[in-house]
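The values are calculated or read from the model by the stated rules, or taken from the named source; none is laboratory data. For clarity, every value in this text was computed on a predicted model and none was experimentally measured. Cβ coordinates were reconstructed from backbone atoms using ideal geometry, including for glycine residues, and neighbour counts include every protein chain displayed. With ligands, DNA and RNA removed, areas are computed over all heavy atoms of the protein, side chains included. Shrake-Rupley method; radii C 1.70, N 1.55, O 1.52, S 1.80 Å.
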Amino acid sequence: LDGELIDVEVDISRAAQPNTTIVGLPDVAVQESKERIRAAIRNSGLTYPFNSRVTVNLAPGDRKKEGPSYDLPIAVGILRASGQVVADTDDSMFVGELALTGDLRPVRGVLAIAAFAKARNFRRVFVPRSNANEAALVDGIDVYPVDSLASLASHLLGAVSIDVHQRSPEGSDPETVGAMDFADIVGQEHAKRAIEVAAAGGHNLLMRGPPGSGKTLLARAIPSILPPMTNDEALEVTRIYSVAGMLANDAGIVRARPFRAPHHTISNAGLVGGGSVPRPGEITLAHRGVLFLDEFPEFDPRVLEVLRQPVEDRQVTISRARYSVTFPANFALIGAMNPCRCGFWGDAQRECTCPPSQVSAYQRRVSGPLMDRVDLFVDVPRVDFDKLTTARRAESSVTVRARVAAARERQRERFGDCGRPDVHVNAEMPPPLVRDLVQARLDDDATSLLRRAVDQLNLSARAYHRVLKLARTIADLDGSDTVQLSHIAEGVQYRQRAE
């Protein structure tokens, strides 16, 4: 995500046995680039030094190089070393995969590359045309969209210039993400309120109820009430999707907040990231958005346990023998679960067929430490027939979204005023901020209620702080500068399902 400069050095010398060698810890894809580059140069009307020894060094030599992104810089290095191109490229960066015809194909991670090029004071970056919109998101650097190796050679020789790419209109519109509208979901007013609070403060939420009560539908409607990302957040998410190879060709900046819903058969590496060369997992792809885990207890308990550290630290570090990488993972965790294996434990209209021991074992599949990291627990009961058949539409997502956006703006201003612009929502508040902005400003009645809640609900220190953060979000939704007794009371009642 941050980038590292790789210098491509090419040496051409006469040899009795001509060959091409690439050194510098290249992977298989980089080694195979020799054949692609050889064909691309020949099919572009240029000359490959077949009768010479070509040595390509990718420096620094102690870092693993992977992928086809080195095709273009290696080809340019060969053309320069062979004297076919004479140009000053010291202020330029090249990236791209070559087809055998000499055309350029898109590669992943171009946004991170362009940002790195700007940070290292490069003036120009040459990328495949399909990646030009992505690279142009970085201001202050000239992006040249390259169609083929032949056109790039003509540009470097000064024959036919390539025009600097102009940024296209912004990418995906958050108003058209296709999410379910709250107005189309009948009933479940209590659950909708909990979801609104969770969206306003970036809190974690767990819904529990019988099959068919609307848990998944409610979760799918969450993107419709989330406010659009700021420019910094959008660039951050776009960079992640670019590195992961999930950004569409010719795509601009991603504006819609991510909503990731992996299946419960997902592996550790798929959820948190991993592999011999670590790749971002679902929790990183959900950065600045929502990670929805349907059928929460059906996930492998070992997979769920790896969520504990990212949920708390909002980043994940994956270590390997040679190095470690850190991926951002600042997401809101939304879970949905049945109360038991058959799904009807506690249901008023249908009897549960599970023995008590099985109910207890099913609920224990989600560990106590992970449950302690959830801010809101809400029951989603079956919907009455009268509500199912009503013609009256519920409150729309547009209306709810306006309240959520206003609450988040209050939080952003408050954290900016106290010198912590790195904190975006209440759920991210560290303990010192919770103490100064919430706990220290409570009146005696609110403090007394919290004391009873800690005693009767056996709240941990973490759960206590999460109640305070939750109350601050409820106050923000009410437009209140102070956390009042009613806000604390509502925050406490969302903790009742922690036991």
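Computed quantities for the displayed model
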read-out: Efficiency of FRET between R302 and A159 - r from beta-carbon atoms, R0 56 angstrom, step 0.05; value: 0.40
read-out: Under 13 Å, Cβ to Cβ, from N19 - net charge with Lys/Arg +1 and Asp/Glu -1; value: +2
read-out: Cα lying deepest toward the dipole's positive end in the chain, options V143, L376, C354, charges on Cβ; value: C354
read-out: Cα lying deepest toward the dipole's positive end in the chain, options V23, I37, M207, charges on Cβ; value: V23
read-out: Relative packing of 264-273, 75-84, 317-326, which averages over residues the other C-beta atoms within 10 Å, highest first; value: 75-84, 264-273, 317-326
read-out: Phi to ³J(HN,Hα) by Karplus 6.51 cos²θ - 1.76 cosθ + 1.60 over the stretch 99-106, Hz, x for Gly, Pro; value: 7, 5, 7, x, 6, 9, 10, x
read-out: Carbon plus sulfur fraction of accessible area for the stretch 193-324, probe 1.4 Å, in percent; value: 48
read-out: Length gained when the stretch D445-L485 is fully extended (0.36 nm per residue, less Cα-Cα span); value: 13.7 nm
read-out: Sum of side-chain charges, D62 neighbourhood, beta-carbon under 12 Å (Lys, Arg +1; Asp, Glu -1); value: +3
read-out: Virtual spin-label span in nm between E66 and R393, 7 Å along Cα→Cβ; value: 4.8
read-out: Lysine pairs within the chain, Cα separation less than 24 Å, 8 or more sequence positions apart or different chains; value: 8
read-out: Cα centroid separation - the stretch 400-465 against the stretch 208-277, whole Å; value: 26
read-out: Within the accessible area of the stretch 375-465 (1.4 Å probe), percent carbon and sulfur; value: 50
read-out: HN-Hα J in Hz across the stretch 290-300 - Karplus 6.51, -1.76, 1.60, θ = phi - 60°, x for Gly and Pro; value: 10, 10, 9, 10, 7, 6, 3, x, 6, 5, 4
read-out: Full-stretch length increase - D232, D386 - with 0.36 nm per residue and alpha-carbon distance subtracted; value: 50.8 nm
read-out: Where labels lie 7 Å past Cα in the beta-carbon direction, separation of D7 and Y323 in nm; value: 1.7
read-out: Where the stretch 27-82 is the region considered: accessible area per residue in Å², 1.4 Å probe; value: 42
read-out: Student exercise, the stretch 345-401 dipole from Lys, Arg, Asp, Glu Cβ charges, in Debye to nearest 20; value: 200
read-out: For the stretch 178-263, the Rg and Dmax computed from alpha carbons only, in angstrom; value: 15.0, 44
read-out: Sorted peptide list for 428-434, 222-228, criterion being average Cβ within 10 angstrom, highest first; value: 222-228, 428-434
read-out: Distant-in-sequence amide H partners of L293 (H built 1.01 Å from N, under 5 Å); value: I334, G335, A336
read-out: Fraction of antiparallel bridges per DSSP, the chain only, in percent to nearest 5; value: 40
read-out: For the stretch 409-480, with +1 on Lys and Arg beta carbons and -1 on Asp and Glu, the positive-most of S460, A475, V434 along the dipole; value: S460
read-out: Protection-proxy order for peptides 385-395, 344-354, each taking the mean of Cβ atoms within 10 Å per residue, highest first; value: 344-354, 385-395
